[in-house]
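K.L.:
Please find one structure pasted underneath; my questions will follow.
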Amino acid sequence: MNPTGREAPARSATADREIVISRDIDAPRELVFKAFTEVRHLSRWWGPKGFTTTTRAFEFRVGGVWEFVLHGPDGTDYSEWITWNEIVPPERITMLHGEYRGDPNAFESVLTFAPAGETTRIEMLTVFPTKELRDEAIKKHGAIEAGQQTLGNLAAYVAEFGRNGVED
């Protein structure tokens, strides 16, 4: 316990700007982490159902960038930009995600990978700059459902990836 009690207020101070999505994945943590950190895997499952990804640049390291286009099932293209702020294999990834470098509406996400025997509990904590941007992401873009679908795609990909024994 923190003797100053400062952790609880910090959490509540951002609660109205957060989205938290989690899922249990039937695979070891190292395999789930690998699917998140190598572009040849990531681009095969990233995004909600019906979306595809085209990568323009990818460098998985602190300060590295993933620039990509998310192609919607309706033909709409969404330019996306992620920079990796913290990487703690195979436990945690912190990233800043926006439409482009310097996007004032970019949001931070913290991905945690917790082992539970042969399964992995993944949690995506996303903190938006404002409550309004969080609310818009939920209402206009279906962010909660999209996040759940994305983790569902990850679970399906990792199940197939692990079943085929293709780990490299």
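K.L.:
Sort through Thr14, Thr37, Thr4, Thr55 and tell me the only one that's at pLDDT 95 or above and among the hydroxyl-bearing types (Ser, Thr, Tyr).
P.N.:
Unique residue meeting the criteria: Thr55.
K.L.:
Quick one: in the range 90-128, which of the residues that are in contact with a helix residue (DSSP H, G or I) (Cβ under 6 Å, 6 or more places away or on another chain) and not in a strand (DSSP E or B) is farthest from Gly47 (Cα to Cα)?
P.N.:
Checked the range 90-128; the qualifying residue farthest from Gly47 (Cα to Cα) is Pro90.
K.L.:
If you don't mind, there's one more thing I want to ask. If you go through the range 116-141 one residue at a time, how many are touching a residue at least 12 places away in the same chain (Cβ under 8 Å) and either surrounded by 13 or more Cβ atoms within 10 Å (Cβ to Cβ) or at positive phi (or both)?
P.N.:
Here the count works out to 16.
K.L.:
Just checking, does the range 58-68 include any residue being modelled with pLDDT of 95 or more, closer than 23 Å to Gln148 by Cβ and open to solvent by 60 Å² or more (accessible area, probe 1.4 Å)?
P.N.:
no
K.L.:
Return the residue satisfying two criteria in turn: it lies in the range 12-29 and is within 30 Å of Lys131 (Cα to Cα) and basic (Lys, Arg), and of such residues it is farthest from the chain's Cα centre (by Cα).
P.N.:
Selected residue: Arg17.
K.L.:
Return the pair list, or none, for Cβ contacts closer than 9 Å from residues in the range 62-91 that are touching a residue at least 60 places away in the same chain (Cβ under 8 Å) to residues that are open to solvent by less than 40 Å² (accessible area, probe 1.4 Å) and of a type in the set (S, T, N, Q), at least 6 apart or on different chains.
P.N.:
Here the result reads Pro90/Thr37; Pro90/Thr120, each pair linking the range 62-91 to a residue that is open to solvent by less than 40 Å² (accessible area, probe 1.4 Å) and of a type in the set (S, T, N, Q).
K.L.:
Hey, any hits in the range 70-80 for a residue that's crowded, with 16+ Cβ neighbours inside 10 Å and of a type in the set (Phe, Trp, Tyr)?
P.N.:
no
K.L.:
To continue, here is another question. I'd like to verify a number: residues in the range 88-115 that are more than 25 Å from Glu132 (Cβ to Cβ), buried (at least 18 other Cβ atoms within 10 Å of the Cβ) and hydrophobic (A, V, I, L, M, F, W, C), how many?
P.N.:
Of the residues in that region, 2 qualify.
K.L.:
Can you find even one residue in the range 37-44 that is more than 20 Å from Phe128 (Cα to Cα) and within 12 Å of the chain's Cα centre (by Cα)?
P.N.:
Yes, the range 37-44 contains at least one residue that is more than 20 Å from Phe128 (Cα to Cα) and within 12 Å of the chain's Cα centre (by Cα).
The values are calculated or read from the model by the stated rules, or taken from the named source; none is laboratory data. Predicted model, so just to flag it, every value in this text is computed and none were measured. For neighbour counting, all protein chains shown are included, and Cβ atoms are generated from backbone atoms with ideal geometry for every residue, glycine included. Note: areas computed on protein heavy atoms with side chains; ligands, DNA, RNA excluded. Shrake-Rupley method; radii C 1.70, N 1.55, O 1.52, S 1.80 Å.
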